[in-house]
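Below is one structure, written out as structure tokens, with a few remarks after it.
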Amino acid sequence: MTAQEVRLCGLLLQEHFGEVVERIGTHLLRGGAQNLRTIANETNTPLDLVKKSLCVLVQHGVCDFGSGRRGPGSPVEYRGNCERVLRILRYPRYIYTAKTLYGDTGELIVEEVLQRGHMTMSNTVKTVADRLTHNMEEGRSMEYSEVVSSFSKLVETHFLQRCPPVAETATAAPSATPATHRTPASVTPPTAESNPDCYKLPPVTLTGRGKRRRSSDDGEEPGGVKKAKMDSESCGDEGIYWQVNFERFHQHFRDQAIISAVASKLDQTSSEIVRTMLRMSEVTTTPTAAYTQPLSANEIFRSLPPNYSISRPILDQGGSLTGRSDLHRALANLARATLESVVQERFGSRSARIFRLLLRKRHLEQKQVEDFAMIPAKEAKDMLYTLLSENLVQLQEIPKTPDHAPSRTFYLYTVNQLPTARLLLQHCYKTVANLIERRLFETKENKRLLEKSQRIEAILASLQASGAEPEQLTEVEEMITAPERQQLEALRHHINKLDSTENQVDETIFLLESYIISTKSK
Amino acid sequence: MAGRGRGRGRGCMSFSIEAVGIGKGENLPPSILQPTPLFPPMEHKPVPLVIGEEAEYMLALKQEFRGAMKTLPFYVHPAVPKKDVERYSDKYQNSEPSDNTIEWNPDWKRLPKELRIRTRKPLKENTCLSVETPVGNKPSRKTRVDKEEIISKLEVGITLEKREEEVTSDEEEGEKKSPEEEEKDGEEEYDEEEYEEETDYIMSYFDNGEEFGGDSDDNMDEAIY
């Protein structure tokens, strides 16, 4: 957990859960596993607020708890999970992906589960049906069965998974007899995948329609009393909670990135082939596998979409009769492309040329760099030193003699892809943290103006609802002067830009993170 | 050791600077004496942002999500700082409850026992939670039931002497009213009965002044003091 990561996590927690949770969360992330009393004392927070914050953090999967270090008798310890907080940046992307794959229903399901951390299936279905009904025209409502079918599709394709069962905590009564050797309680909580029922839908049938929320009277629809009863009855799937399977979404994003890269490098046909291969191995490949399952050419041929009529010889030309995607290589290539483009945008195309050269040729001397890159010596030197000072390029000494005399040593410039990727990833975290801070600053600067505009909008809405004349409306609208309106417009534009930039930087973060994780598992 | 080569020109370093590429007598950029400027001028303009339907939709999703999180009970507000003097306007300001209750109902089986706090029913009607929170309601329901019992007991105790009042209070008890209304009726009834029955003062002694000045119209020649 680097300082930049903790800073970014703190800002994300503050925006979504408030300052109290931010303080507790940051303390957990910085300090490792701690028990309740320690947290309360060191953060100077009242115990009840600490308890509330920990409940919120556990609900959203940010915090894990387990029995203490000193064995089953010691107080429960809580651990923060930095990665999980950083996922919050990517929520819009998850929701948008669900929308493209499963429509509005899928989008709302994923959004609800992300907002609540984890939910039971019955709760999700009811809430989503109500929300969809609210947006439909008068008189129409959403059937629960439609929402259930979308939910099932999400579970079948592993985008949603069951929450892992809670490990036995220290508060369970120890029942070991003195004779048996007490094994130490395992500190790592069970993962979702370790549960064999991870993707099994609960045997519950939900029937009904979404309720339209009316502010005036509640029981207007026929059978309104019956519906209220169904809410309070348990639907039979108590205790089975569902959460979003982030790894599966990441797999999807990675596949998309590979397919678009293939499409731009080769041609449309090849990208279709790759897309088919990846889709067929979606559910069978584990997220960290280096290769997809080998597929025979026959299977690929059969699964291609019907409008792509490719003759067999072309398919055979693409490789051996069994096709296999090397995912690690693909990720490494994508990461390398990212690094190169970063250097290009920051230092110019000639520095980028030097950088690419060093990536391909590994080690080069000063003279060789000038020759290969076809750049005059002085400028090449300048660019190399700039890159060196930014730590994107390293110097490697190779002594000729055992005494390492400077006049008799080779000094070679080199680029190491993995450390450079890590460095850029930290820069990305810092960038997003700066963007968030700037956005908060802008909002705070113009707080008065924003509040005023909100109040006026509320007044306008209530006037319109009660049917006022146009003169009254214009009178209220004129309460905001023209320069204030301009200022508001500029403010909104800035905030939108900052938000949009955060989303874009997150795409780079995703690529670099995937690459780094793929190298770890080798 | 660092200062050994002071006399020899630029300043000797541990490695030969020719190898790295700095030629003899070449002009190096001046050494930096202060931190780099906060906003250095950019030589290369950054690439413009990606604009498009997808980007705009994700932007809208992000802002909506943030707004929604602020309304959910997971957004924990800090404890209201204790003011020095109680202000009159505090009664009318709707401050968020920051005491030791929790506004949503987590599954306590999935949390360690030490984190358990009292749950409280969500204040607004239009939160999306459809799970009822029964824990917090029981004490208040119990107290309401107790109040009703006490009121009915008092009513019965008072009206033992006079049958008419007993009949009316029974009728009023028989009507299904909300607890507040019943409580109010009980109080009103109680007041009347106290007025009529419970006081030590005999009612006939009380002269409410309506008859004053009515009798003395006959003898007008005597002065009125």
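Every read-out reported here was derived from the displayed coordinates using simple, explicitly stated rules and does not represent laboratory data. As the structure is a computational prediction, the values presented were derived from the model and not from experiment. With ideal geometry, Cβ positions are generated from the backbone for all residues, glycine too; neighbour counts draw on all protein chains shown.
Under a 5 Å amide H cut-off, with hydrogens placed 1.01 Å from N, A:Asn35 pairs with A:Tyr78 among residues at least 5 apart or on other chains. Charge dipole (Cα centre; +1 on Lys/Arg Cβ, -1 on Asp/Glu Cβ; no other charges) of the stretch A:3-80 amounts to roughly 280 debye. Taking 0.36 nm per residue of sequence separation and removing the Cα-Cα distance, the B:His44/B:Ser31 pair yields an extension gain of 2.3 nm. When A:Arg329, A:Arg350 are sorted by how many other C-beta atoms sit within 10 angstrom of their C-beta, beginning with the fewest, the order is A:Arg329, A:Arg350. Within 10 Å of the Cβ of each residue in B:101-113, the mean number of Cβ atoms contributed by other protein chains is 5. Relative contact order of the stretch A:3-80, taken over Cα pairs closer than 8 Å and 6 or more residues apart, is 29 percent. Pop the C-beta distance of A:Thr443 and A:Leu47 into the FRET formula with R0 = 35 Å and round what comes out to the nearest 0.05. The computed FRET efficiency comes out at 0.65.
In terms of other Cβ atoms within 10 Å, A:Cys55, A:Cys9 run from fewest to most in the order A:Cys55, A:Cys9. Of the residues A:Val58, A:Thr26, A:Gly73, the one whose Cα sits farthest toward the positive end of the charge dipole of the stretch A:3-80, with +1 on the Cβ of Lys and Arg and -1 on the Cβ of Asp and Glu, is A:Gly73. Taken about its Cα centre, the stretch A:346-415 carries a charge dipole of roughly 260 debye when the Cβ of each Lys and Arg holds +1 and the Cβ of each Asp and Glu holds -1. With neighbour counts taken as other beta-carbon atoms within 10 Å, the residues A:Asp255, A:Asp382 rank, fewest first, as A:Asp382, A:Asp255.
Of A:Gln472, A:His494, A:Phe510, which is farthest along the charge dipole of the stretch A:461-522 in the positive direction, counting Lys and Arg as +1 and Asp and Glu as -1 at C-beta? Value: A:Phe510. Spatial offset of the stretch A:103-141 relative to the stretch A:458-522 amounts to 24 Å, using the alpha carbon center of each. As a calculated quantity, the FRET efficiency between A:Ala405 and A:Glu365 at R0 = 25 Å, using C-beta atoms, amounts to about 0.90. Modelled spin labels at B:Gln93 and A:Glu469, positioned 7 Å past Cα toward Cβ, are 3.9 nm from each other.
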